[in-house]
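Here is the structure we will look at, set down as structure tokens.
Read-outs throughout are calculated quantities, based only on the coordinates presented, and are distinct from any laboratory measurement. Just so you know, these numbers come straight off a predicted model, no measurement behind them. Methodologically, a virtual Cβ is constructed for each residue, glycine included, from the backbone with ideal geometry; neighbour enumeration extends over all protein chains shown.
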């Protein structure tokens with residue numbers, strides 16, 4: 001598939017999603033970027049701002065298999081991965097797939113599940129497979145986990161471990177809508193749910209072809225060096241006690257490729273890297289106590305890192 005086709009299909013996908021998610025084009029753009037970059041998305045914000053609606057809208061916009069998992073304290077790992085059940089007729093065990101066997105998995109309130117259940121997602125998200133009773137099963141492609149969580153309410157929740165957060169390519173916050181967008185939402189959503197009239201824009205095979213095209217986007221060695229330099233700067237920063245992992249560096253590259261395609265280019269610029277850096281890295285790094293006391297967030301530290309690391313300039317031909 002040509003990159004022009006990818007950009008047009010992605011534009012149609014974003015237009016469809018924007019018809020439901022009022023006044024949040026940047027959030028929608030990030031969600032589509034993560035989809036094309038083969039990543040997973042963590043939507044973190046207060047209740048009632050449309051986290052689950054965003055996940056359901058993306059799922060409805062793609063003609064593929066969709067499963068929703070409502071994470072609760074009593075949810076078992078086998079509910080997610082599947083379980084082997086003895087079949088009386090066959091006199092043998094047969095595997096019954098869990099909720100993770102879908103192209104789009106919507107995980108609602110992921111931090112309400114126990115750490116044991118949360119860890120069931122680790123292999124799925126990183127390797128695209130599930131191992132049950134020593135047998136490995138491959139997950140369908142494309143595969144994306146869109147999880148939501150509420151960072152305010154702490155009672156009855158289990159914070160995501162760093163290993164789990166590192167597997168999410170990007171974290172976004174919905175934020176409150178603008179006045180005009182909220183008025184439009186009352187007029188449209190107050191009558192009927194806009195999801196009911198939503199029609200798929202692409203199917204699973206088309207998304208796979210789009211992902212394959214994004215992989216081939218050209219990245220110069222100077223841009224590779226720029227990404228590595230940014231990651232190294234987070235590891236050396238005095239404001240952080242945990243910098244970006246090598247997996248995070250790879251996710252920055254993939255997200256920058258997808259972002260470049262959405263911008264209509266067949267190559268990655270430093271601008272693309274800068275645009276995706278905060279959504280991709282902010283949830284992975286840990287600030288020091290002094291940084292928190294000075295009321296500086298992880299995003300603030302990353303902004304400082306962007307100013308400190310030299311931006312590569314085009315070499316004259």
How far is helix 270-281 tilted off the main Cα axis of the chain, in degrees rounded to 10, range 0 to 90? 50
Going by a ≥ b ≥ c, the root eigenvalues of the Cα gyration tensor, does region 184-232 fall in the rounded group (a/c under 1.5), the prolate group (a/b larger than b/c) or the oblate group? oblate
Please state the shape class of region 217-307: rounded when a/c is under 1.5, otherwise prolate if a/b exceeds b/c and oblate if not, all from the C-alpha gyration tensor. prolate
Using the alpha-carbon atoms, what tilt in degrees (0 to 90, nearest 10) does helix 179-189 show relative to the longest principal axis of the chain? 20
So for region 140-241, using the alpha carbon gyration tensor with a ≥ b ≥ c as root eigenvalues (a/c under 1.5 gives rounded; past that, a/b versus b/c decides prolate or oblate), I'd call it oblate
Taking 0.36 nm per residue of separation between residue 306 and residue 267 and subtracting their Cα-Cα distance, the length gained on full extension comes to 12.0 nm
Gain in span if fully extended, residue 72 to residue 138, counting 0.36 nm per residue against the direct Cα distance: 21.2 nm
Roughly how large, in nm² to one decimal, is the mean projection of the convex hull of the alpha-carbon atoms in the chain? 19.7
For a quick check, take a GNM of the chain with Cα springs below 10 Å and name the residue from 160, 281, 36 with the largest mean-square fluctuation. 160
Could you tell me the ratio Rg/Rh of region 84-153? Both radii from Cα atoms, Rh via Kirkwood. 1.05
Most mobile of 192, 145, 104 in a GNM of the chain (Cα contacts under 10 Å): 192
Using a Förster distance of 45 Å, the FRET efficiency for residue 65-residue 221 (Cβ separation, nearest 0.05): 0.70
Relative to the longest principal Cα axis of the chain, at what angle does helix 298-308 sit, 0 to 90 degrees, rounded to 10? 40
The chain: most fluctuating residue of 220, 239, 37 per GNM, C-alpha cutoff 10 Å: 220
Suppose R0 equals 41 Å; then what is the FRET efficiency for residue 90 and residue 163 from their Cβ-Cβ distance, rounded to the nearest 0.05? 0.60
